[in-house]
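Chemist: Dropping the structure in here first, questions after.
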Amino acid sequence: MSAHVPLEVWYLITDNFRQVELPPLLLVSRLHRLVALKHLFSHLKICFAYPPPGNTPQALLEATRDETMSLSWEVLSRIRHDKTFASVVQRITIYYSTEESQNVDYFHNGIIVEALNALKNLHSFTWVGNGLPLMDLMEKLPFCCPKLQEINMMWV
């Protein structure tokens, strides 16, 4: 029956769902998975700073430094390897701290640029941190993400 309801209608219906009601939809069907993914992951927060800023997801706030870095790595990997997941991401915020020595390796290895290449529907990119993003990243961003409309830089 759900196959006869247009995707846009499902988005409107699930707009009224609470966040905790969405994860079970991931297991119902491909259509429901896509709808739930869009609601749950349209705005991703990637954290290469510890402790994470106060407005980050609860899972990151409760995580240790290593868990925070690991969760960020997992999200980047998922973006790079799961086209459906990458297609729902419209906004990304990267929290970065130069005090985390491993961060430089992550960026120099091009992992962020690889992930950005997969984000064809990205509209907004925000950089929050005490260090500058790599120029390589900033130069490639408009080419990686053709729908990009907004770039924000916040220094903390």
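The values are calculated or read from the model by the stated rules, or taken from the named source; none is laboratory data. Since this is a predicted model, take the numbers as computed values, not measurements. For neighbour counting, all protein chains shown are included, and Cβ atoms are generated from backbone atoms with ideal geometry for every residue, glycine included. Calculation scope for accessible area: heavy atoms of the full protein, side chains included, ligands and nucleic acids excluded. Shrake-Rupley method; radii C 1.70, N 1.55, O 1.52, S 1.80 Å.
Chemist: Please go through the stretch 113-131 and give me each residue that is open to solvent by 20 Å² or more (accessible area, probe 1.4 Å), assigned to a loop (DSSP other than H, G, I, E, B) and modelled with pLDDT under 90, ordered by number.
Modeler: Within the stretch 113-131, just Asn130 meets the criteria.
Chemist: Also, I was wondering about something else. Check whether at least one residue in the stretch 37-56 is open to solvent by 80 Å² or more (accessible area, probe 1.4 Å), over 17 Å from the mean Cα position of the chain (by Cα), modelled with pLDDT of 85 or more and not polar (S, T, N, Q), and report yes or no. Outline the logic, then answer.
Modeler: Applying the first criterion (open to solvent by 80 Å² or more (accessible area, probe 1.4 Å)) to the stretch 37-56 yields 50-51, 55.
Going one step further and asking which of them are over 17 Å from the mean Cα position of the chain (by Cα), we end up with 50-51.
Next, from what is left, pick out any that are modelled with pLDDT of 85 or more: none.
Scanning the stretch 37-56, I find no residue that is open to solvent by 80 Å² or more (accessible area, probe 1.4 Å), over 17 Å from the mean Cα position of the chain (by Cα), modelled with pLDDT of 85 or more and not polar (S, T, N, Q), so the answer is no.
Chemist: Given (1) modelled with pLDDT of 85 or more; (2) open to solvent by less than 50 Å² (accessible area, probe 1.4 Å); (3) not in a helix (DSSP H, G or I), where does Ile79 come up short, assuming only one miss?
Modeler: If we test Ile79 against (1) modelled with pLDDT of 85 or more; (2) open to solvent by less than 50 Å² (accessible area, probe 1.4 Å); (3) not in a helix (DSSP H, G or I), just (3) comes out false.
Chemist: Another question, if that's okay. Are any residues in the stretch 13-29 loosely packed, with under 10 Cβ neighbours inside 10 Å and assigned to a helix (DSSP H, G or I), and if so, which ones?
Modeler: Within the stretch 13-29, the subset loosely packed, with under 10 Cβ neighbours inside 10 Å is 15-16, 18-20, 27.
Gln19, Val20, Leu27 - these are the residues of the stretch 13-29 that are loosely packed, with under 10 Cβ neighbours inside 10 Å and assigned to a helix (DSSP H, G or I).
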